[in-house]
1. Out of the residues in region 183-221 that are open to solvent by 70 Å² or more (accessible area, probe 1.4 Å) and at pLDDT below 90, state the one that is nearest to Val104 (Cα to Cα).
2. Can you tell me which residue is nearest to Leu159 (Cα to Cα) among those in region 23-54 that are open to solvent by less than 100 Å² (accessible area, probe 1.4 Å) and either among the acidic types (Asp, Glu) or in the same structural domain as His163 (by the TED database) (or both)?
3. Quick check on region 92-109: of everything there that is in a helix (DSSP H, G or I) and open to solvent by 80 Å² or more (accessible area, probe 1.4 Å), which residue is farthest from Ala195 (Cα to Cα)?
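The values are calculated or read from the model by the stated rules, or taken from the named source; none is laboratory data. Bear in mind the structure is a predicted one, so any value in this text is a computation, not a measurement. The area values use the complete protein model at the heavy-atom level, side chains included, leaving out ligands, DNA and RNA. Shrake-Rupley method; radii C 1.70, N 1.55, O 1.52, S 1.80 Å.
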Amino acid sequence: MNLKTMRRTTIILLILSIIIYSIQILIFDDPRTTFFYILQDLAFMPITIAFATLMVGEVLNWREKNERKEKTRMLTSTFFTEIGAILAHYTLSMTQEDDFLHLVARNGGNIDNMTADEIIQKLEHHKIKVKLNKEGYEKARNLILSNQTNLLVISSNPLILEHEYFTEMLWGVFHLIDEFRLRGDWDALSKTDIAHLNVDFAKVLRLMLINWIGNSEYLAKNYPAFYNVAFNKLDY
């Protein structure tokens, strides 16, 4: 409904109300009682408007928040099905001694005796050690560099700003792109370069697994076929 239509409707309703009250006065010949009820209705109107505004506002905010959350989950799903699951798989292959990370990768937020929040909290403080090797580094490097356009498209969506972990993860991946450009392929890396990249890969892996927890629940519930694809790519 546009502004012009709203104004016209309001005027019609006001005129209709005046006509009804006028008819009431003519029929019952009691303007005092009529004016009493008019004032009573007007006194109650601010309460009605306030209550309706708050309730409707809360419902709309809740609905909008859920819609934004749904769209953000779609972004994370796109990242994992196209890039993230494979990148995590390559990185996990260079952390084989860490059973907890592989348990999170296999189960997402579905670990016995632990809630999703508890798993995330443990991941935040878990010491992740990535030991890069030529095969894993080159696979990860080729995967990320070949998907730069997809990463830019995902990162350009303003909805990701509301998802702190996902945003940090993307910035971590973009930092890896800068590192690849600066340091080159595996044969060009020094020991210092590898030590620095171990830290960068560990940071990205931590954030990918944290995002994977929420994303795995979303995929399993809404898109089980996609979940199985992502799960098979990430499980190592």
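1. By that ranking, first place goes to Glu217.
2. Taking the candidates together, the pick is Asp41.
3. Only one residue tops the list, namely Arg106.
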